[in-house]
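Peer 1: Below is a structure I'd like to ask you about.
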Amino acid sequence: MLKSKTFYKIISVVIAILLWAYVIEVTDPVKKQNINDIPVQLRNVESLADRGLALSGDAEYTVDVVVQGKRADLSKITEGDILAEADLFGYSIGKNSIPIVVTAPKGISVSEVKPIKINVVIEERVEVIKPIKVAFLGQFEEGVEAGQIATQPEEILVSGAKSEVGAVSHIRAEVPISRLTAESSTIQTKAFAVNDEGDLVQNVRLSSSYINVTARLCAVKEVPLYVEITGELAPIYELIELDIPDSVKIKGSNKALAEIEGLTGAAIDISEISSTSEIPIEISLPEGVEFASGYENVTVAISIKPVATKEFTYTSDEILLEGIEGVQNITITTPHIKVTASGSELVIAGLRKEDLKPYLELDAESLISATAQVQVRYEKQLGHIEVDPKEVHITFNQTEE
């Protein structure tokens, strides 16, 4: 009797399993399942480059989909089994809304896609050569810095969307200070495209992903700098400030620096200066010696401003005649002259016409040439006097005896 009951129990379990398998395999109900953050693959990106175009932005997109199918099939599906694509073929410059096509494995259908389109910005593709700047990571010891720096390549070609290439200021090569020694050595480092703030610029291509940086540790020395200032400012300008650096820092080997007690820059001529300026100082350095960081562009700073001016007009009768007897027989045929006085604002503000006395210093030569140079007599502290015209025409009237 006991054996009979056990037999029936076993039969019941087997039947239950068979019924469950039947339900799963034959009558398995259709269910839905969410799959999120599926990467969207962009097709025909190369066709943009062929037409001189490029994508702007990181070009990374994802979609969320809802798929449906039998529970058994859904239990086997993974994110990698769902393919989301957007085809860029035929699209041009501007903001484009591109449909997303999602495909699923056999037996699984896609019932919902969010979003159904992606917004892609397409721009003109450009190529621009950018300089390389080496950034040394770490802290140099006092009186030491990197020198004799060279990179290979010297420049890098950056390509991509016009706006993004335009945002690239330079290519940064990072070198840990710990890898430098007193002997020149070469370190390979990765190339980074960065903007003016030093932030990475994404989605651009570099002609070289790596940069070989050659450098060494150099001693730094501050030495006197001698610069001669020649010439004078034009009379219409007033000197406000002239800042001449009296020293400069250089770097090199201890042996090379020991032989340098001072440097002399090329003379600076200020006679042609017409505005506040910073004038580069030309300084010749011995072989193996460079300017220290921050001293690569040493300048003389000159600050000027236009002086105050005042203009007066004088008729020929107001010009004095001096130098020879018989001036009463001489007539100035130039009808009038203009006299422009320049100087400090205070002096010019109080200057009056009668403070300036134009005159001719006549002699035999002027009578022969029938011209004479106008001179101006004054007692005020003026910077410059300009007369227009500088010479006037005269005639000598002979008297009848």
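Peer 1: Report, ordered by the first and then the second residue, all pairs with beta carbons closer than 6 Å, sequence separation of six or more or different chains, a first member in region 120-141 that is farther than 22 Å from SER159 by Cβ and assigned by TED's automatic domain parsing to the domain that holds ASP196, and a second member that is surrounded by 14 or more Cβ atoms within 10 Å (Cβ to Cβ) and small (Gly, Ala, Ser).
Peer 2: VAL134/ALA173; PHE136/ALA146
Peer 1: What is the number of the single condition among (1) of a type in the set (S, T, N, Q); (2) under 24 Å from SER274 (Cα atoms); (3) buried (at least 17 other Cβ atoms within 10 Å of the Cβ) that THR230 does not meet?
Peer 2: The number of the failed condition is (3).
Peer 1: Of the residues that sit in region 309-319 and are part of a strand (DSSP E or B) and surrounded by 13 or more Cβ atoms within 10 Å (Cβ to Cβ), which one is nearest to the chain's Cα centre (by Cα)?
Peer 2: THR309
Peer 1: Separate question: Tell me which helices (runs of 4 or more DSSP H) are completely within region 1-96 and hold 2 or more residues being over 30 Å from ASN203 (Cβ atoms) and modelled with pLDDT under 90, or say none if there are none. Please lay out each step first, then the result.
Peer 2: Working: elements: 2-25, 45-50, 71-76.
Fully inside region 1-96 and qualifying: 2-25, 71-76.
Peer 1: Separate question: When the residues of region 166-180 are narrowed to those that are buried (at least 16 other Cβ atoms within 10 Å of the Cβ) and touching a Lys or Arg at 6+ places or on another chain (Cβ under 9 Å), which ends up farthest from LYS251 (Cα to Cα)?
Peer 2: That would be VAL168.
Peer 1: Being buried (at least 16 other Cβ atoms within 10 Å of the Cβ), at pLDDT 95 or above and among the hydrophobic types (A, V, I, L, M, F, W, C) narrows it down to one of ILE304, ILE273, ILE268, so name that one.
Peer 2: Working: ILE304 fails: at pLDDT 95 or above; ILE273 fails: at pLDDT 95 or above.
On inspection, the qualifying residue turns out to be ILE268.
Peer 1: Condition first: over 19 Å from LYS251 (Cβ atoms), surrounded by 13 or more Cβ atoms within 10 Å (Cβ to Cβ), among the aliphatic types (A, V, I, L, M) and more than 17 Å from the chain's Cα centre (by Cα). Now tell me which residues in region 107-165 satisfy that.
Peer 2: ILE108, VAL110, VAL113, ILE118, VAL120, VAL121, ILE122, VAL126, ALA161
Peer 1: Exactly one condition in (1) out of contact with any Pro (no Cβ under 9 Å at 6 or more places or on another chain); (2) part of a loop (DSSP other than H, G, I, E, B); (3) not basic (Lys, Arg) is not met by VAL347; state its number.
Peer 2: So the condition that VAL347 fails would be (2).
The values are calculated or read from the model by the stated rules, or taken from the named source; none is laboratory data. Everything numeric here is computed off the predicted structure, so don't read it as measured data. FYI the Cβ positions are ideal-geometry reconstructions off the backbone, even for glycines, and counts take in every protein chain you see.
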